[in-house]
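The structure appears right after this line, and notes come after that.
Read-outs: derived from the displayed coordinates by stated rules, not from any lab. Owing to the predicted nature of the structure, the values given are computational and were not obtained by experimental measurement. In this analysis, Cβ positions are derived from the backbone assuming ideal geometry, glycine residues included, and neighbour counts consider all displayed protein chains.
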Amino acid sequence: MLAARSILITGGSRGIGLATARALAAGPRRELALVLAAREGEALAAARIVVERAGVGHGPLRICTVEMDVGDAASVATGMQAASEFCGPLDGLVLSAGVAESAPLAKTSDELFERMLAVNLWGAFRPLRAALPDMSARGFGRVVVVGSIASLVGAAYVSAYTVSKHAVLGLVRAAAVEHGGKGITVNAVCPGYVDTDMTRRSLSRIAAKTGLTAEQALDRILARVPIRRLVKPEEVAASIAYLMSEAAGAVNGAALTLDGGELSG
């Protein structure tokens with residue numbers, strides 16, 4: 001059974017965020033208020049319809065969409081206020097908004113580095129910081145941050161992304177220790193390559209830089225993955241739903257890896 005009843009999902013218009021919203025709407029739950037946050041209003045409107053359909057027959061469901069750029073402090077403040085006005089104090093956060101860009105370390109510009117930190121780190125920190133006071137006052141909260149296997153290991157040509165995702169996991173662990181005694185759990189999911197638009201854009205960049213086709217670039221990546229396929233967004237969403245559930249009350253500060261065995265090789 002889902003533990004939280006009012007949940008904000010960043011990156012909620014597509015990929016892991018949208019898959020998670022669908023899973024929460026269709027899973028075992030009570031009354032639920034979902035806030036889908038993302039930058040593009042048109043994508044959010046389409047996502048809302050998908051989530052509403054997923055929730056039919058599973059109990060009372062209210063959905064609000066908020067245009068929010070998680071890399072911008074003012075946008076986050078406005079979006080968090082709108083979320084609170086819609087559903088009251090939030091007791092759940094799924095922080096899945098993220099970006100990935102690649103460049104050799106020596107050619108990584110300040111702008112690229114700062115962009116990775118702005119979205120991947122600050123984009124998790126600011127919503128979490130805003131929600132924690134109400135969670136602490138109520139003595140309950142569930143927070144899941146979408147990290148990456150790049151939160152756990154280094155990789156060539158993605159130094160800025162790797163730094164941002166390492167930092168996100170540090171944030172998760174620090175928050176888990178600080179707030180675990182207040183009824184709040186903070187965890188991370190750390191997927192490998194997921195079948196999303198962001199991964200397809202990464203494959204296109206690899207192909208452009210190497211002369212490979214996108215299919216050949218994918219084959220090269222999957223050669224390192226024992227299950228020989230991309231992780232499905234729905235698989236990541238199912239793990240997030242578990243961490244948001246009553247059954248996961250003792251899971252705190254964890255980094256749940258979904259990489260098809262890549263890091264085990």
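Below are the figures for this structure:
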{"item": "Over the stretch 74-147, equivalent-ellipsoid semi-axes from the Cα gyration tensor in Å", "result": "30, 12, 9"}
{"item": "Under 5 Å, built H, 5+ apart or other chain: amide partners of V66", "result": "L36, A37, A38"}
{"item": "Descending semi-axes in whole angstrom, ellipsoid equivalent of the stretch 200-265, from the Cα gyration tensor", "result": "31, 13, 10"}
{"item": "Ratio of the Cα radius of gyration of the stretch 158-203 to 2.2 N^0.38 Å, where N counts its residues", "result": "1.49"}
{"item": "Hull volume in cubic angstrom per residue (convex hull over the Cα atoms of the chain)", "result": "124"}
{"item": "Peptides 36-46, 3-13 ordered by average Cβ neighbours within 10 Å, highest first", "result": "3-13, 36-46"}
{"item": "Under 23 Å from the Cα of K165 - lysines, other chains or at least 8 residues apart", "result": "K107, K232"}
{"item": "Largest-first principal axis extents, alpha carbons of the stretch 3-144, Å", "result": "53, 33, 22"}
{"item": "Alpha-carbon Rg/Rh ratio, for the stretch 138-242, with Rh computed the Kirkwood way", "result": "1.06"}
{"item": "Relative packing of 234-240, 85-91, which averages over residues the other C-beta atoms within 10 Å, highest first", "result": "234-240, 85-91"}
{"item": "Whole-number Å³ per residue for the convex hull built on Cα positions in the stretch 1-48", "result": "64"}
{"item": "Cut-off 10 Å between beta-carbons: net charge of the residues surrounding L222, Lys and Arg +1, Asp and Glu -1", "result": "+2"}
{"item": "For Y157, distant residues with modelled amide H under 5 Å away", "result": "L105"}
{"item": "Residue-count net charge about S202 - beta-carbon cut-off 13 Å; Lys, Arg +1, Asp, Glu -1", "result": "+2"}
{"item": "Estimated FRET transfer efficiency when R0 is 45 angstrom, pair T210-E42 (beta carbons, to 0.05)", "result": "0.85"}
{"item": "Under Karplus coefficients 6.51, -1.76 and 1.60, residue-wise ³J(HN,Hα) of the stretch 10-21 in Hz, glycine/proline x", "result": "7, x, x, 8, 6, x, 4, x, 5, 4, 5, 4"}
{"item": "Top of A241, A106, A223 by mean-square fluctuation, Gaussian network on the chain, Cα under 10 Å", "result": "A106"}
